[in-house]
Amino acid sequence: MDKLKIGKFELTSRLFVGTGKYASYEIMQQALDASGCQVVTVAVRRERLLDKEGRNLLDFLDLSRYIILPNTAGCFSAEDAVRVALLGRDLLEKQNNPGAGWVKLEVLGDRKTLLPDPVGTLEATRTLVKEGFTVLCYTSDDPISARRLKEAGAASVMPAGSPIGSGQGILNPLNISLCLEALKENDPDYPVIVDAGVGTASDVTIAMELGSDGVLLNTGVAHAKDPVMMARAMRHAIEAGLLAYRAGRIPKKRYATASSPFDGVISYVPGE
Amino acid sequence: MRICVNGVDRDVPQGTTVAGLLQEMRLSPNRVAVEVNKRLLKMDRYGESLNEGDQVEIVTLVGGG
């Protein structure tokens, strides 16, 4: 596959995989490996001062292999999202990881749906762009919001297929395709990542078949019965969807068209 | 003096620095990021003394999507 460019980042894999909610760090490591991903997302949280096992995620991520994409998950205001982005950048600078240059921006509107707050997201995008971040913006599947975020300087807009962790897949393919159209108008290489809602491999393929440039997922792998096998499925799903999109699907037709010729059949054909 | 670290009040000796606090908490400065009163504090300033009432946040990276 050719490279995906987001800001100054050039990526060989179009699958972005989260590091949350695995049964163990070991399973996470195997799943990341099986997914073939190059970018992994992480969250920024208070140091747990009484961690019983004392194990840190950083001990289980090969920082020479993966580009870490820190998120601002859990933030409900632009101000908090900017604080968290700055903390994440500082942490990744200390690890000498290129992920210090970018952020997955989430400004959430409510805890039940985890849907984005469009105003806060826009405000935080502007601030973080000024701070020099490559901003990858989690947003709803609203094409107007998507365009506003791009205008504000987001390096990638990442519409949700369905609510985070819901596993409902791409609920509104029309809106995703309208987002793609709005974002790629006169700018076909502008990267659009479908973020959130993936439940299984076909959801990833559908996102790619619509013309997305990549998919970001976490729960669909982490909570699968066999996360490592699901990660492998996701890897193939990305490739299948990208190839199918580029190959160009046939138009849908109302009636059948025979693949074998009627010319020369020896049988009785009804209606003729 | 009393400061607040990650939402919990904590009594520390006058003149305590961020570096000293991290050491006492057995945290590696390379594995955390620190905010004092909602402003990021870069590592080259960990030697500065904290003040009474400071709100300190010490964060690290955890699994997330």
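If I filter the range A:104-126 for residues that are among the hydroxyl-bearing types (Ser, Thr, Tyr), under 30 Å from A:Asn56 (Cβ atoms) and within 14 Å of chain B (Cβ to nearest Cβ), do I get at least one hit?
no
So how many residues does the range A:89-103 have that are at the interface with another protein chain (Cβ under 8 Å from one of its Cβ atoms) and of a type in the set (Lys, Arg)?
Looking only at that region, the number is 1.
Among the residues of the range A:70-88, is any more than 9 Å from chain B (Cβ to nearest Cβ), at pLDDT 95 or above, over 19 Å from the mean Cα position of the chain (by Cα) and surrounded by fewer than 16 Cβ atoms within 10 Å (Cβ to Cβ)?
The answer is yes; a qualifying residue exists.
A:Val17 passes all but one of (1) closer than 30 Å to B:Val36 by Cα; (2) within 10 Å of chain B (Cβ to nearest Cβ); which number fails?
Just one mismatch for A:Val17, condition (1).
Here's a check for you: in the range A:186-197, which residue that is buried (at least 20 other Cβ atoms within 10 Å of the Cβ) and over 9 Å from the mean Cα position of the chain (by Cα) is farthest from A:Ser156 (Cα to Cα)?
Result: A:Gly197.
Restricting the first residue to the range A:131-145 and requiring it to be among the charged types (D, E, K, R), which pairs with a second residue that is part of a strand (DSSP E or B) meet a Cβ separation below 6 Å and a spacing of at least six or different chains?
Every condition considered, the pairs that remain are A:Asp141/A:Pro159.
Show me the strands (runs of 3 or more DSSP E) found entirely inside the range B:5-59 where at least 3 residues are modelled with pLDDT of 95 or more, buried (at least 16 other Cβ atoms within 10 Å of the Cβ) and within 11 Å of chain A (Cβ to nearest Cβ).
B:33-36
Looking at the range A:129-153, which of its residues are of a type outside the set (Val, Ile, Thr), assigned to a helix (DSSP H, G or I) and more than 20 Å from A:Gly88 (Cβ to Cβ)?
Those that are of a type outside the set (Val, Ile, Thr), assigned to a helix (DSSP H, G or I) and more than 20 Å from A:Gly88 (Cβ to Cβ): A:Pro143, A:Ser145, A:Ala146, A:Arg147, A:Arg148, A:Lys150, A:Glu151.
Has the range A:111-120 got any residue that is under 25 Å from A:Thr219 (Cβ atoms), at pLDDT 95 or above, assigned to a helix (DSSP H, G or I) and not acidic (Asp, Glu)?
yes
Could you say which residue among A:Ser64, A:Ser24 is among the polar types (S, T, N, Q), surrounded by fewer than 16 Cβ atoms within 10 Å (Cβ to Cβ) and within 12 Å of chain B (Cβ to nearest Cβ)?
Result of the check over A:Ser64, A:Ser24: A:Ser24.
If I ask for residues that are basic (Lys, Arg) and either in contact with a helix residue (DSSP H, G or I) (Cβ under 6 Å, 6 or more places away or on another chain) or in contact (Cβ under 8 Å) with a residue 24 or more places away in the chain (or both), which ones from the range A:66-109 would you list?
If the condition is that a residue be basic (Lys, Arg) and either in contact with a helix residue (DSSP H, G or I) (Cβ under 6 Å, 6 or more places away or on another chain) or in contact (Cβ under 8 Å) with a residue 24 or more places away in the chain (or both), then A:Arg89, A:Lys94, A:Lys104 are the ones that fit.
Restricting the first residue to the range A:13-30 and requiring it to be aromatic (Phe, Trp, Tyr), which pairs with a second residue that is modelled with pLDDT under 95 and surrounded by fewer than 16 Cβ atoms within 10 Å (Cβ to Cβ) meet a Cβ separation below 9 Å and a spacing of at least six or different chains?
Close Cβ pairs (under 9 Å, with a partner that is modelled with pLDDT under 95 and surrounded by fewer than 16 Cβ atoms within 10 Å (Cβ to Cβ)) amount to A:Tyr25/A:Arg55; A:Tyr25/A:Asp59.
The values are calculated or read from the model by the stated rules, or taken from the named source; none is laboratory data. Owing to the predicted nature of the structure, the values given are computational and were not obtained by experimental measurement. Every residue, glycine among them, receives a Cβ derived from its backbone with ideal geometry; neighbour counts consider all protein chains shown.
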